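See structure below.
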Amino acid sequence: MNNSEVAQVFEDIADLLEIKGEQIYRVLAYRRGAEALKNLGRDINTVWKEGELEEIPGVGKAIAGKIDELLGTRKLEFYEKLKKEIPLGLLEMLKVSDVGPKKAARFWKELGITSIKALEAAAKRGELRDLPGMGARSEARILESIQSLRRRQTGRLSIGVALPIAEQLLAELRKHPAVKAAEAAGSLRRMRESVGDLDLLVSTDKPEPVMQSFVKLPIISRVRSQGPTKTSVELVDGLRVQVWTHPSARFGTALQYATGSKEHNVRLREIALDQGLSLSDQAFKRDDGSEITCAQEAEVYERLGLPWIAPELREDRGEIQAALDGTLPELIELADLKAELHSHSTWSDGANSIEQMVKAARAEGHRLLAITDHSKSLGVANGLTVERLRKQRKEIAALRKRLPKGFVLLHGSEVEILADGRLDYPDVVLAELDLVIASLHTSLRQSREKVTARLLAAIANPHVDIIAHPTGRLIGEREGADLDMDRVLEAAARSGVILEINSNPQRLDLNDVHARRAIELGIPLAINTDAHHPDHLAFRNYGVGVARRAWATAEQVVNCWRPKRLRDWLASRG
DNA sequence: GCCGTTTTCGGCCCGACTGTTTTCAGTCG
């Protein structure tokens, strides 16, 4: 079982216990345990074998024992018993908005409902309204929520889709004369790879008219709740949007609060409590009821004796301790990127000529571009034979003469790692290239052993400089290869190969957790867009988001190096 | 269930909105 499978078991246990009416803090402990496993960055099986389960923060004796049982026997007695007690269909029902553990339990116990379908049927027959605490309106609301759940069955939305929508909504909000500022918060501001909903924050002294004009936007299909300080709507494609309003004097606490993560905020509140302060989205409150408001987010941290912590770090992954110790990293910024090391042209499956890609890269402010078209075996992408590769080299050499001084154009290749682990070009050909990227596109469904061995073979080849999008995942479409990432990272650290964070929002591969582990191991990272079109060069902000979430500094990302240093480094490899 | 330079027991974050209620429970973020 992998980390997320084990985490899922504990999430289910938390939900089941909550439906059972267990003490909420016991429930939260299981949720925190599940979260810790997802953020681990190491294979849980390795940690288990090394007997270090209890060293994971949030995992104590009880949960460690359950992980041990789960990994040892592939079963968990406690979980099986719970499942016998409470039908699993109730967990599905929790996904319906306005149905929480209390109502789910009630529907089940009083009406025998154990699925969303049965819930819908009962609501249509008007059977829900007679339950205590329910009424005709609640019943109608649940019916609406079931339909809305079906509309957005896709689950979380890629940041590549969500960010442009958020920008559009913010632009609309800012048009209102009473709006002083409008910002995105939540997981979008933290640059998570996908977001469940959008959280928008508005600074205004006249909230009602702002909310009233907001809910009239044509992109909005349903208003779930509307108040002067908080409004919740659904867009036509099912995406949920929360808008909060605050007077500008309270915008700092509000932005901090709405940015989260929940776990990060819990930690901050603990620190506040130690200082005799209670922290909310409104203000710090002293015991005597007096308030300290913050217009700026940095003031919130300052009051707690902390430096400002970048949103991308706010996941309760050790950032608060680092802030206390003064060891927060100086995170990489978009402007630090000076090079694009992974791009395609019409020679393979790119949309534009090399010259056009160079022009676009210069317009983006880059000082170096590597053209890395596909190798011959990737037929669907018009991969280059050795002969065409050499022809391309001549074109690039000719083009270089016309380039402005100081701009560097490299000839590279994105070489297929074949199903048997060999590379698509022989070593003599690889040696001719300025830059060799190796990547997997095919046979991703091989066994863990096999697919890991392929990647290890590529890493061991001294001509290979970068491993691109290591797992090959396409978010929401295709699972990545079942890699033994611990071994891949160890091998990369030994060989000195660069690992790529692919910035295409569909990929974001390495992900944040593995990228952080890579940094811990001293592996240099690349942030590349894999551009097949000039517009794709702008994807790098997503890659920077992943790198920042991985605590990366500019020094650890080779695209930030001066062109000369980068070329010297490449030349020093095979 | 987890955790501890104030604690091995007693805490564990806070508030808006809705719909059902005569003061609050449930849900959500």
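The values are calculated or read from the model by the stated rules, or taken from the named source; none is laboratory data. Quick caveat, the model's predicted, so the values are computed rather than measured. Neighbour counts are summed over all protein chains in view; Cβ atoms, including those assigned to glycine, are modelled from backbone coordinates with ideal geometry.
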Report task. Working only within region A:15-46, note down all residues that are of a type in the set (A, V, I, L, M), within 24 Å of A:ARG192 (Cβ to Cβ) and without any contact (Cβ under 8 Å) to a residue 60 or more places away in the chain. Result -> A:VAL27, A:LEU28, A:ALA29, A:ALA34, A:ALA36, A:LEU37, A:ILE44
Report task. Take the residues in region A:18-28 that are surrounded by fewer than 19 Cβ atoms within 10 Å (Cβ to Cβ) and not β-branched (Val, Ile, Thr), then tell me which one is farthest from DNA strand B (Cβ to nearest atom). Result -> A:LYS20
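Residue-wise test of (1) within 28 Å of A:ASN39 (Cα to Cα); (2) under 28 Å from the mean Cα position of the chain (by Cα); (3) part of a loop (DSSP other than H, G, I, E, B).
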| position | (1), (2), (3) |
| --- | --- |
| A:THR245 | no, yes, no |
| A:PHE251 | no, yes, no |
| A:GLN256 | yes, yes, no |
| A:GLU263 | yes, yes, no |
| A:VAL266 | yes, yes, no |
| A:ARG269 | yes, yes, no |
| A:ALA272 | yes, no, no |
| A:ASP288 | no, no, yes |
| A:CYS294 | no, no, yes |
Query raised in the report: So how many residues does region A:173-231 have that are within 12 Å of DNA strand B (Cβ to nearest atom) and acidic (Asp, Glu)?
Result: 3
Report summary line: The condition from (1) at pLDDT 90 or above; (2) more than 27 Å from A:ALA518 (Cβ to Cβ) that A:GLN8 misses is numbered (2)
Report summary line: How many residues of region A:246-255 are within 12 Å of DNA strand B (Cβ to nearest atom) and touching a helix residue (DSSP H, G or I) at 6+ places or on another chain (Cβ under 8 Å)? The answer is 2
Report summary line: Conditions (1) more than 25 Å from the chain's Cα centre (by Cα); (2) surrounded by 17 or more Cβ atoms within 10 Å (Cβ to Cβ) -> A:GLY326 fails only (2)
Requested in this report: Would you check which residues across region A:515-527 are crowded, with 24+ Cβ neighbours inside 10 Å and in a helix (DSSP H, G or I) and list them?
Outcome: A:ALA515, A:ALA518
Query - Members of region A:284-319 that are surrounded by 19 or more Cβ atoms within 10 Å (Cβ to Cβ) and on the phi > 0 side of the Ramachandran plot - result: A:ASP316
Report task. Within region A:65-82, identify whether any single residue is within 9 Å of DNA strand B (Cβ to nearest atom), at pLDDT below 90 and surrounded by 15 or more Cβ atoms within 10 Å (Cβ to Cβ), and answer yes or no. Result -> no
